[in-house]
Each structure stands twice: as structure tokens, then as C-alpha cells.
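The values are calculated or read from the model by the stated rules, or taken from the named source; none is laboratory data. Owing to the predicted nature of the structure, the values given are computational and were not obtained by experimental measurement. Here Cβ is always computed from backbone atoms with ideal geometry, including for glycine, and neighbour counts include all displayed protein chains.
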Amino acid sequence: MTTSKAVLITGATRGLGNNLAHQFARRGYRLALTGRSREDLDRLAAELAASAAEVVVEVLDVTAFDTIGPVMQACARQLGGLDIVVVNAGVAFTTPAGKGHFDLIRQTIDVNLSGAIATAEAAVELFRQQGGGHLVGISSVAALRGFPRNGIYSATKAGLSRYLEAVRIETRREPIVVTELAPGYIDTELNRSLPNRPFLVTAEKGTQIMVELIEKQVHFRYVPPWPWTLVAQLLKHLPDSLLAKM
Ligand SMILES: NC(=O)c1ccc[n+]([C@@H]2O[C@H](COP(=O)([O-])OP(=O)(O)OC[C@H]3O[C@@H](n4cnc5c(N)ncnc54)[C@H](OP(=O)(O)O)[C@@H]3O)[C@@H](O)[C@H]2O)c1
């Protein structure tokens with residue numbers, strides 16, 4: 001009998017993490033769902049009970065760095081290993097420079113950079129113990145440039161992107177796959193307050209594309225790949241005066 005793959009998702013309570021859980025469940029994956037709220041995790045597990053092959057839930061705040069490894073190991077024990085770890089938990093705040101937002105800036109670094117990297121570190125360690133695995137990190141098109149009023153979000157996503165690139169190169173001779181997905185605008189609470197959300201796709205559509213790309217084990221893709229692969233090239237060279245209006 002073949003067992004379906006097991007996937008762990010951080011920040012599974014809302015947004016893309018929640019939608020990814022539904023997408024993976026429909027495809028027969030076994031799920032380790034982690035997030036800050038036990039109540040939200042239990043509700044999600046109940047929603048998925050009918051469709052998912054198996055669901056385990058564990059409370060995990062990715063800024064409680066020392067707990068990430070033990071929680072991941074506990075999930076692996078319950079599911080007999082983890083094939084995929086999706087480093088998804090993230091925050092985005094409007095943080096215009098020099099306006100007293102250092103508390104939000106530090107929180108963004110803690111979650112999007114330190115928390116994401118701590119999760120990836122624990123995943124690579126687990127993959128080495130179990131003989132392989134697939135690390136998936138969610139960066140952003142905002143990693144391409146310093147987006148005005150969102151400088152720290154851009155900085156953390158650019159940092160995560162470079163880190164994932166380095167891990168991919170370091171592990172190239174090991175049975176470890178590293179995927180970076182860089183979404184444009186997928187409709188979640190993260191971006192609903194933004195004045196412009198170009199090329200917006202629904203969370204259902206966005207996460208369907210993400211799971212297809214994960215299954216293909218791509219190294220890097222924008223989400224959705226079209227038109228963002230082209231737009232990204234333009235964005236890299238967009239004059240500051242136009243970027244200021246975004
Ligand atoms: N939506 C987009 O268009 C878009 C574009 C580019 C990149 N992304 C990235 O995709 C990922 C998911 O974003 P989203 O759109 O789904 O955002 P979202 O709807 O705001 O959901 C964020 C998720 O992260 C969780 N989270 C926040 N802080 C956490 C912490 N300290 N520990 C554990 N979980 C935490 C939240 O849990 P709580 O319920 O506990 O707050 C929530 O489940 C993020 O990394 C984001 O930067 C999204």
C-alpha cells in the first residue's frame with residue numbers, strides 16, 4: 001500500500017495557509033497544520049475531516065523560535081515523517097520610514113525572516129534525519145524592489161529569497177528540494193487594505209497554482225506565473241517615481 005505524502009504548513013489558520021490546506025486535502029495529502037490559535041486549528045481540522053486522509057494540528061507561533069524544531073518533530077512522529085514543509089506564516093504592515101513603527105518593523109522581521117528561517121532550518125534538519133524532503137518558502141514580488149511604505153516587508157522577503165537560494169545550492173547533492181514561490185496579489189486579509197492590487201487572483205485560484213507548482217518541484221516561480229514573470233522584469237527597471245505611486 002502506498003501512503004500519501006505528508007505536508008506541514010505554518011500559519012495555516014487563515015489566508016493562503018488555510019486555502020493550501022484545503023487544496024492539499026482534496027489531493028489526498030496528509031496534513032500537519034500549525035498556527036497560533038488552537039481554536040482556529042481545531043475548526044480547520046473539523047472542516048477537513050471529510051476530505052483529508054489524516055490531519056494533525058499543533059499550536060506554533062513561529063516567533064517562539066525554540067519551539068519550532070520540537071513541534072515539527074512531533075508532527076513528523078505523528079505522520080511517520082514529513083515530505084513537504086511549507087514556510088508560509090507571514091505578516092505585512094504599512095511602515096512608512098521614520099514614523100515610529102519600529103515595533104511593527106521588528107515584528108515583521110521576527111515572523112517573515114527569523115521565523116521563516118528558523119522553520120526552514122528545522123525542516124532541513126528533519127529532512128536530513130529522514131533521508132529527504134521538500135522545503136517550500138513563500139516570498140513575494142515585493143522582494144524585487146523596496147516597496148515604498150512597505151520597506152521592511154520587501155526587505156524580509158528579499159532576505160528570505162536569498163536564504164532559500166543559498167539552501168538550494170548547499171543541498172544540491174542531497175535528496176532535498178527547495179522551492180520558492182513569489183506571489184503577486186492573491187486575495188487575502190494581508191493585502192485587502194492596499195489601494196492597488198494589480199493582477200489580483202482569488203485565494204482558491206492562487207493556492208491551486210501554488211500546489212501545482214509544488215508538485216512539479218519547481219525551484220522558483222511567480223504566482224501566478226503569468227503575467228508576473230514578465231511584470232517582474234519590468235518592475236526591476238521601473239523608475240522610482242512610478243514605484244512611489246504603487
Ligand atoms: N496574499 C498575497 O497576495 C501574498 C503575496 C505575497 C506573499 N504572500 C505571503 O504568503 C504568506 C501567507 O500570506 P496570507 O496572504 O495568507 O496572509 P494572511 O491572510 O494575513 O495570513 C497570514 C497567516 O500567517 C499567520 N501568522 C502570522 N504571524 C504568525 C506567527 N507569529 N506564527 C505563526 N503564524 C503566524 C496568521 O495566523 P494568525 O491567524 O494567528 O494571525 C495567518 O494564518 C505570507 O508569508 C505572505 O507574506 C502573500
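See the values below:
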item: Answer residue from segment 211-234, given it is closer than 23 Å to residue 246 by Cβ and surrounded by 19 or more Cβ atoms within 10 Å (Cβ to Cβ) and is nearest to the ligand (Cβ to nearest atom) among those; result: 223
item: Complete set of residues in segment 48-95 that are touching a residue at least 60 places away in the same chain (Cβ under 8 Å) and of a type in the set (Asp, Glu); result: 83
item: Identity of the residue in segment 22-35, without any contact (Cβ under 8 Å) to a residue 60 or more places away in the chain and surrounded by 16 or more Cβ atoms within 10 Å (Cβ to Cβ), that ends up nearest to the ligand (Cβ to nearest atom); result: 35
item: The lone exception for residue 61 - which of (1) crowded, with 20+ Cβ neighbours inside 10 Å; (2) near the ligand (Cβ under 10 Å from one of its atoms); (3) charged (D, E, K, R) it fails; result: (1)
item: Filter result (more than 7 Å from the ligand (Cβ to nearest atom), more than 22 Å from residue 231 (Cα to Cα) and touching a residue at least 24 places away in the same chain (Cβ under 8 Å)) within segment 167-189; result: 167, 168, 171, 174, 175, 176, 177, 178
item: Some residue of segment 198-207 being within 10 Å of the ligand (Cβ to nearest atom) and hydroxyl-bearing (Ser, Thr, Tyr); result: yes
item: Residue, farthest from residue 140 (Cα to Cα), within segment 85-95, restricted to residues that are of a type outside the set (S, T, N, Q) and part of a loop (DSSP other than H, G, I, E, B); result: 93
item: Meets criteria (within 16 Å of the ligand (Cβ to nearest atom), charged (D, E, K, R) and on the phi > 0 side of the Ramachandran plot) for residue 192; result: no
item: Selection from segment 33-63 of residues that are touching a helix residue (DSSP H, G or I) at 6+ places or on another chain (Cβ under 6 Å), at pLDDT 95 or above and small (Gly, Ala, Ser); result: 35
item: Residues (over 13 Å from residue 86 (Cα atoms) and more than 15 Å from the ligand (Cβ to nearest atom)) located in segment 102-126; result: 102, 125, 126
item: Extreme residue, farthest from the ligand (Cβ to nearest atom), among residues of segment 37-55 that are under 16 Å from residue 10 (Cβ atoms) and surrounded by fewer than 19 Cβ atoms within 10 Å (Cβ to Cβ); result: 45
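Residue by residue, here is whether (1) of a type in the set (A, V, I, L, M); (2) over 23 Å from residue 206 (Cβ atoms); (3) in contact with a Gly (Cβ under 8 Å, 6 or more places away or on another chain) holds:
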position	(1), (2), (3)
5	no, no, no
29	no, no, no
41	yes, no, yes
70	no, yes, no
77	no, yes, no
85	yes, no, yes
